[in-house]
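Derivation of every value follows stated rules applied to the coordinates shown; laboratory data play no part. Only a predicted model underlies this, so the values are computations on that prediction, with no experimental measurement involved. Glycine gets a Cβ as well: all are built from the backbone with ideal geometry, and neighbour counts include every protein chain shown.
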Amino acid sequence: MKIPQKLLRMQPYDPTEDRYKIKLDANESAFLPSEDISREIQEAMAKVALHRYPDPNVSNLRKKAAALFGVQMENLVVGNGSDELISVILNSFSNRGDRLMVLLPDFSMYAFYAGLAEMELSVACKDEEMEITAEHIIEAAQKEKPDILMFSNPCNPTGRGLKKEDMLRVISSVDCLVVADEAYMDFFGESILPESCRFENLIVLRTCSKAFGLAAARLGFAIGHPSLIGEINKARSPFNINAFSQAAGEVLLAHPLELKRSLERILAAKEALFEQLQPVCKQYPELVELRSSVTNFVIIKSKYAKQIYEALLKQSICVRCFNDFLRITSGTMTENRIFTETFSAILERMAN
Ligand SMILES: *Cc1c(COP(=O)(O)O)cnc(C)c1O
């Protein structure tokens, strides 16, 4: 037998293991749900009928998610993480050789699944400051004529976000399907969700893994016009959401106040991290430059990013490194303080 080229040329996705003491590399929430909610989730999971398949329509969870996002149930489908939805969309909304346009740098899974779907990539590059304007995106799309345009807003890994009106301008100016990955939108508050269902070329992705603090359950949502959502629903595997995750998600999404608290807690820790890092970075302007970010992580630009990354690993602190940047997920207040102290000591050593 022969293993196909599209597989052979792929690099395996390489998530970091648990062996680091402080894990600030994957953008999850650093906080467990409140005790009350955790208990309610445990109880709901204990009631799962182990010998039965889960609800294939994910009805209860969809109902709660639709209410939360202000859409109808027919506007929403659930995925095993938004990751699965990215894979299903790219594989089912394309034929071999169709074109996916990405804006680089961006979430690596878009190109990853496009490779498996045997799509061609069109790339629009962000500038040196990691920015890209709506005009630049529209111009690139009109030139390249992709079949699908997919990008994260706010962007992982750059931490930058496009405002709602810019996003709407992009969607109404291009002919192709637009997939707006809003994994971090709770932190930014510029969602196009309220407008999303009137477009016939738009799918919005949301997730429980970031602001909602439920990464373990792997729950993501695709939201949009029923004509598109119905197609994703056909293409997903019938029991894609296991019964435990459905149970956990149903409890969590029924408590909007808990979600609000979770978001506020993450944002407060992130603001604190940013403020602690400001004086440190100002002290070593020739080494590092702190960037603002509208997400739950902070970005530091440095010619020595790789070197700093490795020095942090030696202290059992794991962050992400890309090009000349470090991406640091905000942890708990304590983790953030330890990070700042360690980082500061590394810079001091480098400066001498
Ligand atoms: C984390 C992340 C996701 C993945 O979310 P899951 O729902 O956990 O699969 C999707 N898109 C971006 C940009 C992310 O950073």
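Annotations
Yes/no matrix, rows are residues, columns are (1) in a loop (DSSP other than H, G, I, E, B); (2) of a type in the set (Asp, Glu); (3) more than 30 Å from TYR309 (Cβ to Cβ):
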| site | (1), (2), (3) |
| --- | --- |
| SER209 | yes, no, no |
| GLY213 | yes, no, no |
| ILE229 | no, no, yes |
| ILE232 | no, no, yes |
| ILE241 | yes, no, yes |
| PHE244 | no, no, yes |
| GLU250 | no, yes, yes |
| LEU267 | no, no, no |
| LYS282 | no, no, no |
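- Within the stretch 72-114, the set of residues being on the phi > 0 side of the Ramachandran plot and away from the ligand (no atom under 13 Å from the Cβ) comprises GLY97 only.
- Yes/no for ARG218 being within 16 Å of the ligand (Cβ to nearest atom) and basic (Lys, Arg): yes
- Considering residues of the stretch 235-246 that are of a type outside the set (A, V, I, L, M) and in contact (Cβ under 8 Å) with a residue 24 or more places away in the chain only, the residue surrounded by the fewest Cβ atoms within 10 Å (Cβ to Cβ): PRO238
- Near pairs, Cβ below 8 angstrom, 6+ apart or cross-chain, from the stretch 206-228 (more than 20 Å from ASN242 (Cβ to Cβ)) to any residue that is acidic (Asp, Glu): LYS210/GLU28; LYS210/ASP186; ALA211/ASP186; HIS225/GLU200; PRO226/GLU74; SER227/GLU200; LEU228/GLU200
- With respect to the conditions (1) under 30 Å from ILE37 (Cβ atoms); (2) outside any helix (DSSP H, G or I); (3) without any contact (Cβ under 8 Å) to a residue 12 or more places away in the chain; (4) not aliphatic (A, V, I, L, M), SER293 lacks only one, and its number is (3).
- Any hit, the stretch 24-35, residues being over 22 Å from the mean Cα position of the chain (by Cα) and either part of a helix (DSSP H, G or I) or on the phi < 0 side of the Ramachandran plot (or both): yes
- From the options VAL77, VAL71, residue that is buried (at least 20 other Cβ atoms within 10 Å of the Cβ) and part of a loop (DSSP other than H, G, I, E, B): VAL71
- Scanning the stretch 313-337 for residues that are under 12 Å from LYS23 (Cα atoms), among the aliphatic types (A, V, I, L, M) and surrounded by fewer than 18 Cβ atoms within 10 Å (Cβ to Cβ) gives a single hit, LEU313.
- Residue in the stretch 183-198 that is over 20 Å from the mean Cα position of the chain (by Cα), of a type outside the set (A, V, I, L, M, F, W, C) and more than 25 Å from ASP127 (Cα to Cα) present: yes
- Of the helices (runs of 4 or more DSSP H) lying entirely inside the stretch 108-177, those containing at least 3 residues that are out of contact with any helix residue (DSSP H, G or I) (no Cβ under 7 Å at 6 or more places or on another chain) are 134-144, 164-173.
- Number of residues in the stretch 212-250 that are basic (Lys, Arg) and under 22 Å from the mean Cα position of the chain (by Cα): the value is 2.
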